[in-house]
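Structure, as structure tokens:
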Amino acid sequence: MRTKPLSIVLRHGALVIVCFIMLVPFYWVIKTSITNENIYAYPPRLLPEAPHLFNYVDVWYFIPFARYLLNSVIVSAIAVAGNVVFNAMAAYALTKHFVGKQSVMLLFLSCMLVPFQATIIPAYLITAKLGLLNTYLGLALPLMSTIVCIFIYKAAFEAVPQSLIDAARVDGLKERQVILRILMPLSKPAVATNVILAFIWSWNAFLWPLIITREPIMQTLPLGLARFLSYLEDTTGALYAFAVMVLAPSIFVFLMAQKEFIRGLTSGATKG
Amino acid sequence: MNTRTRSFTPWYQRKRTRDIALVACFLLPSLAIFFLYRILPLLWNLVLSFEYWSPLKPAKFAGLDQYREIFLEDDVFWQSLTNSLAFVAAAPFAIALALGIALLVNSDLKGASVYRAIVFISYPLMSVAVGIIWKWLYDERGGIINYALRSAGLVTKPIPFLQSFDYALPSVIVAEVWQVIGFYMIILLTGLQSVPPHLYEAASVDGVPRWAQFWRITLPLLRSSLFLCAVIGILNSFTSFDLIYVMTGGGPGHATELLVTHIYKTGFGQTRFDYAAALTVVQFILLLALTWLANRAAGGNAGAHDTGRA
């Protein structure tokens, strides 16, 4: 090896410090969530004394946690389903040659330049006109198709050999069957990327639900978290238990599918 | 008449027509969503910004009145613009830091993938929860930051980070950087891995020192990745609504107000949709201009090809 042992030690040292900084916030919030007594006691303890899970139980009583969870799951499910199906359809259409294909591509690419935050006022008015305020569909609709994910599908579909598709046609498969039986099974990584990105974007979405849901019963987890913060800020560690419970699914998905995750997010970079 | 000579099937049954119909049907759902939530809002914003309008009143042409108010009378607009630019100014430091981490992780170091995962994990998390975590870290009594500062004897009284006019903005920026730095690192790592190793070998043979290799080979080849990071940094500077909303609500005063929170407050707090639309138009143009500048700085159409690769 060319590299000297000293430099290796230094590198590990630097990275351990970086990781420490990245992990301390997690530790601190978990510690607080299982701390028994007054969380505002000074000096705070570095280790939780007599750790317990009461705060995690409290969450269910303080707020309609189950309802928020249900809403979040439904909205994410609609968004994921929309992305997997609609994006695949659009991507398949884009693998074909047709008049105006260039303009459609250009349209998609220019849509990528419009950040969602720059559309909120009219998007709210449009959703109100459609009568979708305070509905699951209204919450999920803007997230149901994403341009980045269409291009991820398109690249995967184009990698499937044309001869395979032709053979399938000769065997009498219809367009729909070609997609379902040939293209989709051969593009599993693209499907995984679509699922993961759609899940993360819809699960974490805050601004859009904040705008279009006025009724507490339709609110999703991030909104519940923000409400909890404004109502019960000074009382309990339950807020931090709530935060941990909301973060857990994303961390779980991340640890399960790290590779797809990172690839998806890097290719979805400009979505922001 | 042409149709009859060519074939006997009527036009609606011909393959070409069917193909076009198929393509149209398949594109329809996505196109409809993008039309409703990207294109139409953009145009509507533009129209609204030249009107006096509220949901209960008929529209009246306003000319440039809304824009005049933004630039001449709205102090909060200028304050939030300054704040956004402070966010933008912090991005290069964050990117440099991320580059440092990426260089450390890019080697054949044992456990590099574990380090990578730990640095990255904060990025895909819900910003609202991240805001709550950081708010707690900054807390005067229960927060670890004040506790650490006091234990180290650096301060005698706790610093109310998020309630102070001086510290609130930097504090929020630190939280934002903490969340996004892993993402910068991954992008730069992708860039580093695409640098052909034989360039370094050739340079080493020629006796080029390591720092010069970094300066002459690595950095120029990373240009598109750096540009991508810069674009994300700019975008976040204008749009990180969730963190601000949770941590400070734009306060104290308007010390941490960003354009997006200002738009939200005027639009949905004061129901001034017309004025909020004008603010959005200004924000959008600023974003495009800054992105264009970053692109120029990176030298041409950098970054364009980098987005699809991973």
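The values are calculated or read from the model by the stated rules, or taken from the named source; none is laboratory data. Since we're looking at a predicted model, the values are computed, not measured. Neighbour counts are summed over all protein chains in view; Cβ atoms, including those assigned to glycine, are modelled from backbone coordinates with ideal geometry.
Applying the set (1) within 17 Å of A:ALA88 (Cα to Cα); (2) touching a Lys or Arg at 6+ places or on another chain (Cβ under 7 Å); (3) free of Cβ contacts under 8 Å to residues at least 24 places away in the same chain to A:LEU173 leaves exactly one unmet item: (1). Criterion applied to B:GLY207, B:GLY267, B:GLY253 was being among the small types (Gly, Ala, Ser), in contact (Cβ under 8 Å) with a residue 24 or more places away in the chain, in the same structural domain as B:GLY100 (by TED's automatic domain parsing) and more than 22 Å from B:VAL180 (Cα to Cα), and the one residue passing it is B:GLY253.
Based on this model, can you work out whether A:LEU6 counts as hydrophobic (A, V, I, L, M, F, W, C), part of a helix (DSSP H, G or I) and at pLDDT below 85? When the stated conditions are applied, A:LEU6 passes them. Of all residues in segment A:186-218, those that are under 17 Å from the mean Cα position of the chain (by Cα) and within 12 Å of chain B (Cβ to nearest Cβ) total 17.
Only one of B:ALA96, B:ALA168, B:ALA175 is under 21 Å from the mean Cα position of the chain (by Cα), under 30 Å from A:VAL253 (Cα atoms), crowded, with 22+ Cβ neighbours inside 10 Å and of a type in the set (A, V, I, L, M, F, W, C); which? From the options B:ALA96, B:ALA168, B:ALA175, the qualifying one is B:ALA175. Residues that are out of contact with any Gly (no Cβ under 8 Å at 6 or more places or on another chain) and not in a helix (DSSP H, G or I) were ranked within segment B:253-282; the one that is nearest to B:PHE161 (Cα to Cα) is B:ALA255. Only helices (runs of 4 or more DSSP H) whose full extent lies in segment A:71-155 are considered here, and the ones with at least 2 residues that are without any contact (Cβ under 8 Å) to a residue 12 or more places away in the chain are A:101-111, A:120-129.
Considering segment B:112-128 alone, what residues qualify as being more than 8 Å from chain A (Cβ to nearest Cβ) and either β-branched (Val, Ile, Thr) or within 14 Å of A:ARG11 (Cβ to Cβ) (or both)?
Pass one, segment B:112-128, residues more than 8 Å from chain A (Cβ to nearest Cβ): B:112-114, B:116.
Hits for segment B:112-128 are B:ALA112, B:VAL114, B:ARG116.
Restricting A:ILE74, A:ILE17, A:ILE39 to those that are out of contact with any strand residue (DSSP E or B) (no Cβ under 8 Å at 6 or more places or on another chain), among the β-branched types (Val, Ile, Thr) and within 8 Å of chain B (Cβ to nearest Cβ) reduces the list to A:ILE39.
Here A:HIS52 passes the criteria (1) under 30 Å from B:SER107 (Cβ atoms); (2) assigned to a loop (DSSP other than H, G, I, E, B) except the one numbered (1). The set of residues in segment A:83-101 that are under 17 Å from the mean Cα position of the chain (by Cα) and surrounded by 23 or more Cβ atoms within 10 Å (Cβ to Cβ) comprises A:ASN83, A:ASN87. The sole residue among A:ALA248, A:ALA269, A:ALA192, A:ALA243 that is crowded, with 20+ Cβ neighbours inside 10 Å and at pLDDT 85 or above is A:ALA243. Only residues that are small (Gly, Ala, Ser), within 16 Å of B:ILE263 (Cβ to Cβ) and part of a helix (DSSP H, G or I) were counted across segment B:214-252, and they come to 1.
If you go through segment B:46-93, how many residues are surrounded by fewer than 18 Cβ atoms within 10 Å (Cβ to Cβ) and hydroxyl-bearing (Ser, Thr, Tyr)? Going through segment B:46-93 one residue at a time, the tally reaches 4.
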